[in-house]
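Novice: Structure provided below as structure tokens; questions to follow.
The values are calculated or read from the model by the stated rules, or taken from the named source; none is laboratory data. Since this is a predicted model, take the numbers as computed values, not measurements. Backbone-built Cβ (ideal geometry, glycine too); neighbour counts: all protein chains shown. Each accessible area value is taken on the protein alone, full model and side chains, heavy atoms only, with ligands, DNA and RNA left out. Shrake-Rupley method; radii C 1.70, N 1.55, O 1.52, S 1.80 Å.
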Amino acid sequence: MKVLLIGYGSIGKRHFDILSDFDEVDSINVVTKQNIDNVKTFKSLKDIEDINVYDYFIIANETSKHYEQLDYVCKYTTNKNILVEKPLFDKEYTLESCDNNVFVAYNLRFHPLLQKLKEILKDEDVYYANVLAGQYLPTWRPDQDYRESYSAKLSQGGGVLRDLSHELDYINWIFGDITVIGSINTKISDLEIESDDIFTALAKTNDGTIINVTMDYISKMPLRKIMIHTKTKTIEANIVTNTINIFNRDGIENSIVLDKLHRDYTYTNMHKAIINNDFQNVCNLKEGLQTVDIIEKNGLKEM
């Protein structure tokens, strides 16, 4: 299998390192302006003589460039697997045609805790879910000045709503499609950024479940948890501690503690699923567009 990786920033390097360990992968070429030792690189997609030689495409550059790159690959290839980093686009676009399998890298779908939670809720009548996610942007990527990161720049597709859109994706995946009733997306902190640092919304699923979701760049402790009330249970799922606590009507607690994951576990399993054509848990193009629609309707257009 020949892989073409488009973009070689921090997430692009991560995809490169993970796929380099796959027996199925014969070679990885990279589209980047950087020089990489012992790796064949191209300055742009147009420099590639025959793009159809590649089997698997990873689009991992700035969000604002995703549409342009995906549109190009779709125009000149067929029957390929294409993975686009999240979110799919920085705003709504319409692909004219694409005869390929297009996926979005919402890798948290491959987190054992969320898969376990989805299984637990399968037969539950869910009343309400409160979803929280946050991390202080200056300490998120300690090897990079946060002010220079794409996260700090709305024009590059940054901002907390796009950065943490994992939450929007797994809400739809676990609870069903949502309609946002009201939302706030703005910058409220003293962070030196040109993008939003908080998003909060009230939404409802087609089945009537009420969802409250809040994500931010300002939490001084890493935060990713879900509190759920069903007809018979209250469930607290904490992705940071990898635990699920279940309380019944009598208040009796049942705790599930999952093994600590390797940093690349969810990415590795997402790639394995795509390479093996096991698309059941992979976010597809339609689902990725649904998340873009929520972002477009509720997110900042400019600061």
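Novice: Could you please find all residues in region 138-169 being in contact with a helix residue (DSSP H, G or I) (Cβ under 9 Å, 6 or more places away or on another chain), more than 11 Å from SER195 (Cα to Cα) and open to solvent by 10 Å² or more (accessible area, probe 1.4 Å)?
Specialist: PRO138, THR139, TRP140, ARG141, ASP143, GLN144, ASP145, TYR146, HIS166
Novice: While we're here: Name every residue in region 169-197 that is without any contact (Cβ under 8 Å) to a residue 60 or more places away in the chain, within 25 Å of SER151 (Cα to Cα) and more than 17 Å from the chain's Cα centre (by Cα), in order of residue number.
Specialist: Across region 169-197, the qualifying residues are GLY182, ILE184, ILE188, SER189, ASP190, LEU191, GLU192, ILE193.
Novice: Could you tell me whether region 241-256 includes any residue that is touching a residue at least 60 places away in the same chain (Cβ under 8 Å), within 18 Å of the chain's Cα centre (by Cα) and closer than 17 Å to GLU119 by Cα?
Specialist: No, the conditions are met nowhere in region 241-256.
Novice: For the subset of region 262-299 comprising residues that are open to solvent by 50 Å² or more (accessible area, probe 1.4 Å) and outside any helix (DSSP H, G or I), which member is nearest to SER183 (Cα to Cα)?
Specialist: The qualifying residue nearest to SER183 (Cα to Cα) is ASN284.
Novice: So ASN61 passes all but one of these: (1) outside any loop (DSSP other than H, G, I, E, B); (2) within 25 Å of the chain's Cα centre (by Cα); (3) polar (S, T, N, Q). Which condition number does it fail?
Specialist: (1)
Novice: Related question: Among the candidates LYS43, LYS13, LYS80, which residue alone is of a type in the set (Lys, Arg), open to solvent by 40 Å² or more (accessible area, probe 1.4 Å) and either closer than 30 Å to ILE171 by Cα or out of contact with any strand residue (DSSP E or B) (no Cβ under 9 Å at 6 or more places or on another chain) (or both)?
Specialist: None of the other options fit; the residue is LYS13.
Novice: Okay, next question. Note down all Cβ pairs under 6 Å where the first residue falls in region 108-119 and is β-branched (Val, Ile, Thr) and modelled with pLDDT of 95 or more, the second is open to solvent by 20 Å² or more (accessible area, probe 1.4 Å) and not in a loop (DSSP other than H, G, I, E, B), and they're at least six residues apart or on different chains.
Specialist: none
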